[in-house]
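A.B. asks: Sharing a structure, written as structure tokens. Questions coming.
The values are calculated or read from the model by the stated rules, or taken from the named source; none is laboratory data. Keep in mind that this is a model prediction, so the values were computed, not measured. Glycine also receives a Cβ, built like all others from the backbone with ideal geometry; neighbour counts cover every protein chain displayed.
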Amino acid sequence: MEDTIARVSRIFGEIPLEVWEDIVRLEPEWFHMEDIFKKYGFGRFATLMLITGLNDYQLKGKAEEAYWPQLKELLQKSKVPESPQELKEILSPFYQRERFYKAKLDRLDRFLSSKLAQNVWSATPEEVANNFLQIWHELAQTMRQTKEAKTITFAMKCLGIALLMAGEPNFNFEKIPIPIDVRVRNFTKRLGFEAERDDELRSIWNRILEETRKKVPINMIHLDSLIWQIGNLDNEEIAAYFRKLGRETVGQKLIEVLR
């Protein structure tokens, strides 16, 4: 296991920071939502990204096809909300059509009625960045979940993306673990790791991040974005993915580990 962690970390360490930043911009929650950021401004958008991250589970299809594009279409047609309650009114019809709609409507109401949502709504990027870990704790408490729950960590990734869009990269994401989903689980297994429990998977990726950061100053948003994008690709598709990024050698080395 240690040898594989070292090999993967060395490979990831060859990817320059600017390419990691390009990888994050390819994420559906960035790619499809950037225009909404421009329309909403930071506070409204940050609140929006938290709730859409919280409800990004058990979708009708792939998130990049069945979730984020539809949200963008809805929000582009709707007026800019003046309060979390107005945002709830805009989003409610969307979640009424989703799978597990009752649970998602409950989460919509719980979060957008909270003090945390109100505080983020009126916050500046600097304020959110300075209080990032505190927001993580408050979000878990508000939603009555553990801090490590997939929807909590993913919502924090969405909040981090909102900060990056606002040009505010100085926030602490290192303590927030990778959101464990099917793609992360499958890719971890393909690397040869025998890990079933979520805490085991988080430990592996925390170690890879720690080692990669010795070469390039990324955080878990960058790493999760990459693994999510390549997690279901076969070797030829992985090679093509890195070729498009101008890092063909990285793709070849990673494929060797996968073999």
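A.B. asks: Condition (residue is in a helix (DSSP H, G or I), surrounded by 18 or more Cβ atoms within 10 Å (Cβ to Cβ) and of a type in the set (Asp, Glu)) applied to the stretch 232-242: is it met by at least one residue?
C.D. replies: no
A.B. asks: Within the bounds of the stretch 20-39, is there any residue that is over 19 Å from the mean Cα position of the chain (by Cα), buried (at least 19 other Cβ atoms within 10 Å of the Cβ), in a loop (DSSP other than H, G, I, E, B) and in contact (Cβ under 8 Å) with a residue 60 or more places away in the chain?
C.D. replies: No, there is no match, as no residue in the stretch 20-39 is over 19 Å from the mean Cα position of the chain (by Cα), buried (at least 19 other Cβ atoms within 10 Å of the Cβ), in a loop (DSSP other than H, G, I, E, B) and in contact (Cβ under 8 Å) with a residue 60 or more places away in the chain.
A.B. asks: Need the failing condition index for Glu210 against (1) over 18 Å from the mean Cα position of the chain (by Cα); (2) assigned to a loop (DSSP other than H, G, I, E, B); (3) surrounded by fewer than 17 Cβ atoms within 10 Å (Cβ to Cβ), just the number.
C.D. replies: Single failed check for Glu210: (2).
A.B. asks: Another question, then. Given the condition part of a helix (DSSP H, G or I) and under 17 Å from the mean Cα position of the chain (by Cα), answer yes or no: does some residue in the stretch 167-181 qualify?
C.D. replies: Within the stretch 167-181, not a single residue is part of a helix (DSSP H, G or I) and under 17 Å from the mean Cα position of the chain (by Cα).
A.B. asks: Evaluate the following for Tyr67: is it of a type outside the set (D, E, K, R), assigned by TED's automatic domain parsing to the domain that holds Ala140, within 19 Å of Ile152 (Cα to Cα) and in contact with a helix residue (DSSP H, G or I) (Cβ under 7 Å, 6 or more places away or on another chain)?
C.D. replies: Working: of a type outside the set (D, E, K, R): yes; assigned by TED's automatic domain parsing to the domain that holds Ala140: yes; within 19 Å of Ile152 (Cα to Cα): yes; in contact with a helix residue (DSSP H, G or I) (Cβ under 7 Å, 6 or more places away or on another chain): no.
For Tyr67, the condition - of a type outside the set (D, E, K, R), assigned by TED's automatic domain parsing to the domain that holds Ala140, within 19 Å of Ile152 (Cα to Cα) and in contact with a helix residue (DSSP H, G or I) (Cβ under 7 Å, 6 or more places away or on another chain) - is not met.
A.B. asks: From the residues in the stretch 60-110 that are among the polar types (S, T, N, Q) and assigned to a loop (DSSP other than H, G, I, E, B), which one is farthest from Asn232 (Cα to Cα)?
C.D. replies: Ser83
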